[in-house]
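These notes concern the structure reproduced below.
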Amino acid sequence: MDLNTARNQLALNNKKGVPMITGALLYWFIMLIFSFVIKNESTLAIIYLYGTGLLFPAGILISKWMKTDMFKKINPLSGLSGILAAVPALMGPLMAYICFTDPGALPFTISVITAGHFFPFAWLYQSKSYIYPPSAMLILGLAVILFARDIQFTAFPILMMTCLALLIAGACYEMKKEAERENRLDADTV
C-alpha cells in the first residue's frame, strides 16, 4: 500500500476527524455558557482546565454515535493519527501552570494548542480544511488577547466555535467531493 492510499483510507475511516472536532465544538459551547454564568476568572479557568480532560471521551462518544471506529488499525498511519491527537494532552502541565499563574490567559493557551495540533492533520488527511480555520484561530486569538482581553472568556468560545464549525463544514465538503469522485470512477469502470 502506498502512502497516499494509506492516508486516504485513514481519512475515510476517521471521517477526517469530524467526531473529535465535534467534541471540541461542544466543549467550547459549554465554556461559552459558563462565561455568562460564572464571572470569577480563576473559577472559569479551573473549569476550562478540567473541561479539556473531557474532550477525548466526548469525541469518542460522538464517534460511536457517528458509527466511526477511531481506533481501527487499518494501516500503519492509524497509530500516527492517535499520536497526533494526543499531543494537546501532553500540554496539560503547561495549561495547569497558566491556570494557576495567569488564569485569564488560559482560553488563549487552549486555543493556540488546539490550532497548532490541527496542522499535521492537514498533511495526514490531505485536507485544506485543517489549514485555514486553525490559522484563523491563531491570528484572531492573538487579536483577542491583545485588544479584547477583558472579554476573552466570552470571545474565545465564540471564535473557536466558529472556526471549528468551519473546519467541520470544510472536512465534510471534502469527504462529499471525494465520495462523488469515487462514484464517478466506479461508474466509468463499469
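Some notes on this structure:
- One way to sum up the overall shape of the stretch 1-77 is the equivalent ellipsoid from its Cα gyration tensor, whose semi-axes run 34, 11, 9 Å, largest first.
- Cα centroid separation, the stretch 115-190 to the stretch 62-95: 17 Å.
- Carbon plus sulfur fraction of accessible area for the stretch 69-113, probe 1.4 Å, in percent: 76 percent
- Cα gyration tensor shape for the stretch 34-104, rounded if a/c is under 1.5, else prolate or oblate: oblate
- Translational diffusion of the stretch 137-181, estimated by Stokes-Einstein from the Kirkwood radius over alpha carbon pairs at 10 °C in a medium of 1.306 mPa s, is 134 µm² per second.
- The chain: mean projected area of Cα convex hull, nm²: 11.1 nm²
- Which listed pairs, of LYS16/LYS177; LYS67/LYS176; LYS128/LYS177, have C-alpha distances above 22 Å, in listed order: none
- Taking every C-alpha pair closer than 8 Å and separated by at least 6 residues, the mean separation divided by the residue count of the stretch 39-132 gives a relative contact order of 32 percent.
- Nearest 10 degrees, 0 to 90: helix 106-124 Cα axis against the chain principal axis: 10 degrees
- Counting only DSSP H runs of at least 4 residues, each contributing -39500 (n - 2.57), and dividing by the residue count of the chain, the helix-based mean residue ellipticity at 222 nm comes to -26500 deg cm²/dmol.
- The fraction of Cα-Cα pairs per 5 angstrom bin, counted from 0 for the stretch 92-181, comes to 3, 15, 22, 20, 16, 11, 7, 3, 2, 1, 0 percent, rounded to whole percents.
- Considering only alpha-carbon pairs that sit under 8 angstrom and 6 or more positions apart, the relative contact order computed for the stretch 34-190 is 21 percent.
- With at most 14 neighbouring Cβ atoms within 10 Å, loop trypsin sites (Lys or Arg not before Pro) (DSSP) excluded, longest segment of the chain: 74-190
The values are calculated or read from the model by the stated rules, or taken from the named source; none is laboratory data. Bear in mind the structure is a predicted one, so any value in this text is a computation, not a measurement. Here Cβ is always computed from backbone atoms with ideal geometry, including for glycine, and neighbour counts include all displayed protein chains. Surface accessibility is based on the protein's heavy atoms, side chains included, excluding ligands, DNA and RNA. Shrake-Rupley method; radii C 1.70, N 1.55, O 1.52, S 1.80 Å.
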